[in-house]
Amino acid sequence: MRFGAVMLCLSLQAFALLTLQASGQQKGGASADDVQIEFVYVPKECQQKSKKGDLLNAHYDGYLATDKTKFYCSRTQNEGHPKWFVLGVGQVIKGLDIAMLNMCPGEKRRVIIPPSLAYGQQGYEPAKIPPNATLIFEIELYAVTKGPRSAEAFSQIDLDSDKQLSRDEINGYLKREFERDGKKRDPSVHETILVDIFKKNDHDGDGFISAKEYNVYQHDEL
């Protein structure tokens, strides 16, 4: 998938992202200190380190710590292309959200994640991960870009700078994104997305999406 198409997809879906933990994770009992990180390779030059809310492009392999059985390989999915995801919003397990903070493009890490920051007591049957499994991931990060929930993205949509997004502002943003993408779509698709955005993000029902509801990630927030 082309980068532009990925960015459009993420931009349109960004409002629906919820900062939930991955399925099967426990909400307590572990901290960031419980993730063990081995720095396999760190580039000499690093102009941008990954932060919460950034859009990352990476490959990673997952293994069971007990017998080193491989349960996941990003290179076997999506025609071998690296995986795109937003850091810190629950698109990957909590342990990976923690393990990939402050990473440089080109950096490689080997991390050990305890069950409480992975799939907990439930395990994850589709990937053959048993209950209470400690996981090992080998990660290679390719790119770090500003994510769809960044303060910069919010400011681009908030045309009148009143710290909240109106229906007209989001409607205009969607139109600009569709025009940039250049693909023809039924008008009903546009309206469906707009309705869905407010349904999932306008929590107080006032007809606006505040910075808090949008869940802006400042670049100094780790």
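Which order do 71, 154, 39 take when ranked by solvent-accessible area (1.4 Å probe, heavy atoms of all protein chains), largest first?
39, 71, 154
Kindly report, to the nearest 10 Å², the accessible surface of residue 67 as traced by a 1.4 Å probe over protein heavy atoms only.
90 Å²
Can you give the accessible area of residue 101, probe radius 1.4 Å, in Å² rounded to 10?
Near enough 50 Å² of accessible area.
What spacing in nm lies between the two simple spin-label points modelled at residue 171 and residue 211, each 7 Å away from Cα in the Cβ direction?
2.6 nm
Please state the relative contact order of the range 108-213 as a whole percent: Cα pairs under 8 Å, 6+ residues apart?
20 percent
Do any of 52/200; 51/163; 108/212 go past 27 Å between their Cα atoms, and which?
108/212
The values are calculated or read from the model by the stated rules, or taken from the named source; none is laboratory data. Quantities reported herein were computed from a predicted structural model and do not represent experimental measurements. Neighbour counts run over all protein chains shown; Cβ positions are idealised from the backbone, glycine included. Just so you know, the surface numbers come from the protein's heavy atoms only, side chains and all, with ligands and any DNA or RNA stripped out. Shrake-Rupley method; radii C 1.70, N 1.55, O 1.52, S 1.80 Å.
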